[in-house]
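Before any comments, here is the structure.
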Amino acid sequence: MAFKDIIKKTRTYRKFDSTYKISKNDLIDLIDNAHFSASHGNTQTLRYLIYNDEQNNTKIFSSLKWAASLPNWDGPIPSERPTAFIIILSKNINNYTFCDAGISMQTIMLSATEKKLGGCIFASIDKEKLQKDMEIDDIYKILYVIALGKPIEKVQLEVASKNLKYWRDEKDIHHVPKIPTKNLILNIEKE
Ligand SMILES: Cc1cc2nc3c(=O)[nH]c(=O)nc-3n(C[C@H](O)[C@H](O)[C@H](O)COP(=O)(O)O)c2cc1C
């Protein structure tokens with residue numbers, strides 16, 4: 001697949017086939033790809049926890065806030081929940097930590113697409129609850145969670161006009177408005 005197609009396919013997915021199990025080896029491989037990516041001063045401060053079992057998945061799920069722009073949707077029903085999770089941690093947080101995490105997470109998301117998987121990055125997390133539920137040593141701070149699974153929802157990119165909120169139509173297709181490239185680059189001619 002051309003890179004443009006991979007990045008276009010690397011969408012946020014929030015509905016999955018809950019019968020599709022993701023192997024520990026697949027999760028390790030996603031992080032193996034991320035471990036080759038850049039970090040500030042090559043400090044490699046990120047650490048990861050990986051889960052693919054129902055008991056832990058249920059615990060993690062209960063700390064996540066799904067789709068703030070879809071207030072009438074409470075998140076995926078049990079048969080559409082993610083089947084694996086990655087928790088991203090760091091002992092210390094400085095100005096570059098979240099940039100490193102972003103690079104790592106996009107690498108993980110792109111690698112998931114290559115495996116015909118998909119996911120959702122979470123910043124809206126009840127971190128205190130998650131830290132406690134998962135018995136995470138408090139020398140580590142939770143940065144993000146990535147939910148993963150075999151996507152079953154249809155997601156459509158569209159050209160944004162004014163409103164940048166993602167939305168779902170009557171056929172339950174999830175629409176993601178993106179600002180045209182020419183509007184993002186400040187020093188090119190506009191038509
Ligand atoms: C840093 C970051 C934090 C996010 N946090 C959440 C979240 O807490 N809950 C959620 O449902 N989606 C979350 N998302 C997913 C975004 O809503 C999603 O990326 C956006 O709607 C654009 O869709 P796209 O990823 O398909 O381009 C997050 C994405 C990023 C990059």
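Please enumerate the residues belonging to the stretch 1-58 that are basic (Lys, Arg), away from the ligand (no atom under 16 Å from the Cβ) and part of a helix (DSSP H, G or I).
Within the stretch 1-58, Lys24 is the sole residue that qualifies.
Testing Cys99 on (1) outside any loop (DSSP other than H, G, I, E, B); (2) in the same structural domain as Asn25 (by TED's automatic domain parsing); (3) more than 15 Å from the ligand (Cβ to nearest atom), one condition comes back false. Which one is that?
Of (1) outside any loop (DSSP other than H, G, I, E, B); (2) in the same structural domain as Asn25 (by TED's automatic domain parsing); (3) more than 15 Å from the ligand (Cβ to nearest atom), only one is false for Cys99: (3).
May I ask you to list the residues in the stretch 135-168 that are in a loop (DSSP other than H, G, I, E, B) and either touching a residue at least 40 places away in the same chain (Cβ under 8 Å) or among the basic types (Lys, Arg) (or both)?
Ile136, Ile139, Tyr140, Lys150, Ile152, Glu153, Lys154, Lys162, Lys165, Tyr166
If only one of Ile93, Ile50, Ile86 is surrounded by fewer than 17 Cβ atoms within 10 Å (Cβ to Cβ) and of a type outside the set (Ser, Thr, Tyr), which one is it?
Matching residue, one of Ile93, Ile50, Ile86: Ile93.
Filtering the stretch 102-150 down to residues that are under 12 Å from the mean Cα position of the chain (by Cα) and aromatic (Phe, Trp, Tyr), which residue is farthest from the ligand (Cβ to nearest atom)?
Per the stated criteria, the residue is Tyr144.
Please enumerate the residues belonging to the stretch 6-18 that are under 10 Å from the mean Cα position of the chain (by Cα) and of a type outside the set (Lys, Arg).
Thr10, Thr12, Tyr13
Is it the case, given these coordinates, that Lys21 is touching a residue at least 12 places away in the same chain (Cβ under 8 Å) and under 15 Å from the mean Cα position of the chain (by Cα)?
Numbers: touching a residue at least 12 places away in the same chain (Cβ under 8 Å): yes; under 15 Å from the mean Cα position of the chain (by Cα): no.
Here the answer is no, as Lys21 does not meet what is asked.
Looking at Lys132, Lys116, Lys171, which one is part of a loop (DSSP other than H, G, I, E, B), assigned by TED's automatic domain parsing to the domain that holds Phe36, basic (Lys, Arg) and more than 16 Å from Ile31 (Cβ to Cβ)?
One residue alone meets the criteria, Lys116.
The values are calculated or read from the model by the stated rules, or taken from the named source; none is laboratory data. What you see is a predicted model, and the numbers here were worked out from it, not measured in a lab. Neighbour counts run over all protein chains shown; Cβ positions are idealised from the backbone, glycine included.
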